[in-house]
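Notes follow the structure.
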Amino acid sequence: MAPGGISTSPVMWFFYASLPSSLTGGVAVLPAPQNLSVYSTNMKHLFTWSPAVVLEEPVYYSVEYQGEYESLYRSHVWIPSSWCSLTKDPQCDVTDDITASVPYNLRVRATLGARTSAWSLLKQPFNRNSTVLTPPRMVVTKDGSHLVIELEDLGPQFEFHVTYWRSEPGAKEHVKVLRSRGIPVHLATMEPETTYCVKARTFVKLIGRASAFSRAECVEVRGETLPLALALFAFVGFLLILAVVPLSLWKMGQLLRYSCCPAVVLPDTLKITNSPQKLIKCRREEVDACATAVLPSEELLSIWLREGPS
C-alpha cells in the first residue's frame, strides 16, 4: 500500500511507464547514434558511428557537414553529404565532401519511418591535414638490363618520390618524381653483375606532407653469356652473308650491263644468203661489216633462165 492509503496496482505501473511516450505525442524517440569518429588514410575519409539500438528494422542514417565557409559566412548552414542520405550502413565516405584543408563539423541522425533521432555531432572538427599517409605498395622488377618499378594508384593528388641506388658502399642515390597510376616505369639501365635497390614514399601537395619511405627492394643483374647455339647460328649467318653478297653484286652487275649495253646480233631470218641477187653477204660474228654487190642485168637474166622460176 502506498503512502496515504492508496494502493499501487499493476495498471497504475503501466500508466506511469507509458507517461513519457504520451508526453511525446505517443511516438517513441529514436536513440541517437553514438561513438562518432573519422578514420582518414591516404586522403580517404570515413565517418563512422555506433548504430542505433532499436527492435524495428531497418534504420537509416543521414549525414551532414559544415565547413569553415558555411560556419562563418552562411549562418551555420548544414549541407547533406553527397553519398550518405538515408543509408543503412553505420558509416559514410565523406572524401568528396571534404574539399579544403579547413576544419569540418560532421553530424549524423537515425531515421525509422516517420521517427528521427536527435543529431549527434562529432566532438572535434575534422581537418584532412590529419590524414595518415602510408608508404606506397610497389613492385620492382628487371626487364633485360632495365630497372622497372610499378606503384599503386592512390589518386590524382599523389605523387611518388622514388630513390634508387647501386648496392655498394658509397654509392650515389638517384631520385625521381613519378605520377604514375599503376603503370610500369623505367628507372635506369643497370650494369651487369650489379645489385640495385629501390624505395619510395608518397607526397600530397594539397596538404604539404609526405609519408615514410617504404622498405627497400633489391634486384640483381647477372652477367649473361651468349648461348652456344645462338653463337653458332650467328657464325653461319655471317658466312652466308659473305657468300651471298658478292654473288648478288656480280649478278646485279651482269643485269645492268646487258640492260644498258646489249650486244646486237642480227637474227637469221633477216640474213639473205641464197638470194639470186646476192645483195648482202654478212658474217654471223660481224653484223656491222657487210658487203653489197650489184650484178649486171645480163648475168642476172641468164641465172634466172638457168635456175628457172621458183
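Residue count for the range 85-133, restricted to those that are under 29 Å from G208 (Cα atoms) and either touching a Cys at 6+ places or on another chain (Cβ under 6 Å) or β-branched (V, I, T) (or both): 8.
Please state which one of L106, L86 is aliphatic (A, V, I, L, M), surrounded by fewer than 16 Cβ atoms within 10 Å (Cβ to Cβ) and assigned by TED's automatic domain parsing to the domain that holds E64. Among L106, L86, only L86 is aliphatic (A, V, I, L, M), surrounded by fewer than 16 Cβ atoms within 10 Å (Cβ to Cβ) and assigned by TED's automatic domain parsing to the domain that holds E64.
Out of I98, I79, one residue alone is in contact with a helix residue (DSSP H, G or I) (Cβ under 6 Å, 6 or more places away or on another chain) and either outside the structural domain of F158 (by TED's automatic domain parsing) or closer than 19 Å to N129 by Cα (or both). It is I98.
Applying the criterion of at least 2 residues that are under 30 Å from V102 (Cα atoms) and not polar (S, T, N, Q) to the strands (runs of 3 or more DSSP E) found wholly in the range 182-225 leaves 194-204. Is at least one residue of the range 69-87 modelled with pLDDT under 95, farther than 13 Å from L122 by Cβ, of a type in the set (F, W, Y) and in a strand (DSSP E or B)? The answer is yes, given that some residue of the range 69-87 is modelled with pLDDT under 95, farther than 13 Å from L122 by Cβ, of a type in the set (F, W, Y) and in a strand (DSSP E or B). Selection of the range 39-70 for residues being of a type in the set (S, T, N, Q) and touching a Pro at 6+ places or on another chain (Cβ under 8 Å) yields T48, S50, S62. Taking the range 141-192 as the range and being under 26 Å from K44 (Cβ atoms), of a type outside the set (A, V, I, L, M, F, W, C) and in contact (Cβ under 8 Å) with a residue 60 or more places away in the chain as the test, the residues that pass are G155, Q157. A count restricted to the range 48-59 and to residues that are surrounded by fewer than 16 Cβ atoms within 10 Å (Cβ to Cβ) and aliphatic (A, V, I, L, M) stands at 3.
For every residue, the table says whether it meets (1) among the hydrophobic types (A, V, I, L, M, F, W, C); (2) surrounded by fewer than 16 Cβ atoms within 10 Å (Cβ to Cβ); (3) at pLDDT below 90; (4) in a loop (DSSP other than H, G, I, E, B).
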position	(1), (2), (3), (4)
G26	no, yes, yes, yes
V38	yes, no, no, no
L46	yes, yes, no, no
Y61	no, no, no, no
Y65	no, no, no, no
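Residues of the range 92-148 that are under 28 Å from A216 (Cβ atoms) and assigned to a loop (DSSP other than H, G, I, E, B): T131, L133, T134, P135, P136, R137, G144, S145. The requirement of being part of a strand (DSSP E or B) and of a type in the set (S, T, Y) is fulfilled somewhere in the range 153-170, by at least one residue.
Being farther than 26 Å from L133 by Cα and not assigned by TED's automatic domain parsing to the domain that holds T99: is that true of G182 here? Judged against the criteria, G182 is not a match.
The values are calculated or read from the model by the stated rules, or taken from the named source; none is laboratory data. Source: prediction; values computed, not measured. For neighbour counting, all protein chains shown are included, and Cβ atoms are generated from backbone atoms with ideal geometry for every residue, glycine included.
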